[in-house]
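Following: one structure in structure tokens, then a few remarks.
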Amino acid sequence: MKEGAALVPWFVVIPLAGAFVNALLGRRVQGMPALAAVVITFALMGLSLWAARSVYMDGALLYPVGGWQPPVGIAMVLDGMTSFMLVTVNTVAFAIAVYSRDYMERYTSKGLFFTLFLLMLTGMNGVIVAGDLFNLYVFLEIAAVSSYALVAFGTERHELEAAFKYAVMGTVGSLFILLGIVLLYGYTSTLNLADMGLVLAEQGKHDLIAMVSVLFLVGFGLKAALVPFHSWLPDAHSSAPAPISAMLSGVLIKSLGIYALFRIFYNVLGMTPMVSSVLMFLGTLSMVIGALLALGQRDLKRLLAYSSVSQIGYVVLGIGLGTPLGILGGLFHLFNHSMFKTLLFLNSGAVEYATGNRDLKRMGGLARKMPVTGTTNFVAAVSIAGIPPFGGFWSKLLIIMAAVQAGYLGYALWAALVSVLTLAMFARVMKNAFFGELNERWREVREVPGLMQASMIGLALVCIFSGILIMPGIKEAFLNQASASFHGGPRYAEMLPGQGPR
Amino acid sequence: MLCLVLFCVGIYGILKNRNIIKIIVGITIAEFAINLFFILVAYRRDGRSPLFSPDETISPMVDPLPQALVLTSIVIGLATTALLVALAMRLHGKYGTYDIARIKELRG
């Protein structure tokens, strides 16, 4: 066991312990839950950055739980991709924890909220570090069940309806995933991801693998809200409290859906041209349909939710291309999307907090009354629309370039077109909500409390400077590490210490 | 084979029914079909239960790992079902009906 591997389980242990303590003490001690959540997420963010550094220095790390060596025991793995996802998830979680402290004043039982929030974080971190398939499923369910509960947190008519829909669809997705896991276990007699990849490579392809691929595609597609399976997302995202919409859209659909999907397809099943073309098609479909549906929305959060579907399409298209450049672009877009979409949802929450209204038509001129929200929203909007200096531009450019390079001109054209649609969509948001005439009704509106502002400003800064991640030097340290663990493909096992080919 | 049928029955139940409680029952059926299938995957011909004791002769035994996994998956299923039922109760409280055709205020 390498030095530094010991820190891997803390990503799961810390939030889990925090959730437990919050559940016990949240009612008795005033203000404790929020403070605990902020401290915990901050610690996790620091830890994840440190983990990324140590992966860059010494390569992948492996932590055998309870001292049992894989493939028999349960393993937790930390490689380039894992540390990349951990940094993304925990940064967003920190921003959201800071933001929620004031936002959640409107709801009762804050202690419960932060308990569920930390539980969801546990699940996501667990999915990311899990080194075997069943553990991945267990953590996925932890995250999913707590997110169903969080969507229903307001317990009003709409929240409950959306949560029920989300819960039913999510459960069906999980069932498909579980069935896929069972079939794979029956075929390979192992659950360890790396080991499974090796066994499959030895035994060769079988028709069963095609069926398993379909099951995983449906299951994780439901979690990631790819287009034919996306119908839960707009309801769930627009009904949940704003910090939770941000969390769902920013990181949950990515770590549960995209990450798990591609981890399994690249490192275990092996990417075939068939799967790759299906993924690219679904990605493009999500991109186009999401953008078109978003254009017609009046509800601000619903518009953002549909735009999430569309941006997830970019990520899937990029990673589905399978070329190094495509993967790089896809991952970079994933990171960018986490940042700006979280920021946009937090802004919509701020608008709702200040005005109690989410209808675009009835807003107007809010930038004058709420300068911080207006400015950060502008930053996020130009970033998502792909205006040059911001991160969103570079990642979209990379994806389009990769599609052209790989010879998929049609997909590249769609990607460029959707980028224009996104611009139109957010131009409308800015015009209706923040610029223009001040609506008489909002004369008394005041800016949101300081901590919410701080969190939004922090994310806006990340949005502005995320473009430098692609610069030479920094790129090698962070993004290349992450994409390397994908185009290593079935050689995944060799990269892990103490687990070479048998 | 039975598992496949059960799984299909469950999925059909989820898709076809309009009653929330029946949807939840459908989910449970599908879930248990998968659990049963998991145990079947582990079955070996003439296997005995996977218990070790010092004076036992070595004989074929069923694969113990899936049994542990099924236990976990049953617990997860319990949590999900509990949450779904709780949601259904609250929905009934708000809408006064279990019919999903009449619970559709969210559109678009």
Next item on the list: Between the alpha-carbon centers of the range A:342-403 and the range A:277-320, tell me the distance in whole angstrom.
Entry: 17
Item checked: Between 0 and 90°, nearest 10: helix A:32-58 axis offset from chain A longest Cα axis -> 40
Notebook entry, point to check: What FRET efficiency, computed as 1/(1 + (r/R0)^6) with R0 = 45 Å and r the Cβ-Cβ distance, is obtained for residue B:85 and residue A:39, rounded to the nearest 0.05?
Noted result: 0.80
Check: Using 7 Å Cα-to-Cβ label points, what is the residue A:420/residue A:435 separation (nm, one decimal)?
Finding: 2.0
Item checked: Average beta-carbon neighbours from other chains, 10 Å sphere, peptide A:147-153 -> 2
Next item on the list: For chain A, calculate the relative contact order in percent as a whole number, restricting contacts to Cα pairs under 8 Å that are 6 or more residues apart.
Entry: 17
Next item on the list: Please determine, in degrees from 0 to 90 and to the nearest 10, the orientation of helix A:133-151 with respect to the longest principal axis defined by the Cα atoms of chain A, where the helix direction is its Cα long axis.
Entry: 10
Next item on the list: Sort A:194-201, A:77-84, A:18-25 for me by packing, meaning the mean count of neighbouring Cβ atoms within 10 Å per residue, highest on top.
Entry: A:77-84, A:194-201, A:18-25
Notebook entry, point to check: Gain in length, residue A:13 to residue A:409, computed as 0.36 nm per residue apart minus the alpha-carbon separation, to one decimal in nm?
Noted result: 137.9 nm
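Just checking the output field for B:25-35: average partner chain Cβ neighbours within 10 Å of each residue's Cβ?
Rounded to a whole number, the mean comes out at 3.
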Next item on the list: Go ahead and estimate [θ] at 222 nm for chain A from helices alone: -39,500 (n - 2.57) per DSSP H run with n ≥ 4, summed, over the residue count, rounded to 500.
Entry: -23000 deg cm²/dmol
Next item on the list: Over 26 Å between C-alpha atoms is what I'm after, so list which of A:223/B:16; A:110/A:301; A:341/B:94; A:165/A:254; A:341/A:361 land there.
Entry: A:341/B:94
Check: What is the spin-label model distance, in nm, from residue A:211 to residue B:72 if the labels are put 7 Å beyond Cα along the C-beta direction?
Finding: 2.4
Item checked: Extended-chain gain in nm, criterion 0.36 nm per residue less alpha-carbon gap, residue A:272 and residue A:427 -> 51.8 nm
Next item on the list: With θ set to phi - 60°, apply the Karplus curve 6.51 cos²θ - 1.76 cosθ + 1.60 along the range A:92-98 and write out the HN-Hα couplings as whole Hz, x wherever there is a Gly or Pro.
Entry: 4, 4, 5, 4, 6, 5, 4
Checklist line | Equivalent ellipsoid, the range A:273-489 (semi-axes from 5 times Cα gyration tensor eigenvalues, Å) | finding: 33, 19, 12
Notebook entry, point to check: Relative contact order (percent) for the range A:273-489, with alpha-carbon contacts under 8 angstrom and 6 or more residues of separation?
Noted result: 26
Margin query: Could you derive backbone 3J(HN,Hα) for the range A:282-297 from the dihedral phi with the Karplus parameters 6.51, -1.76 and 1.60 (θ = phi - 60°), listing whole Hz in sequence and x where the residue is Gly or Pro?
Written below: 4, x, 5, 4, 4, 4, 6, 5, x, 5, 5, 5, 5, 4, x, 8
Item checked: Cα long-axis angle, helix A:110-129 against chain A (0 to 90 degrees, to the nearest 10) -> 30
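Laboratory data are not the source of any read-out in this text; all were calculated from the coordinates shown. All values derive from a computational prediction rather than experimental measurement. Counting neighbours? That spans all protein chains shown, and the Cβs are built from the backbone with ideal geometry, glycine included.
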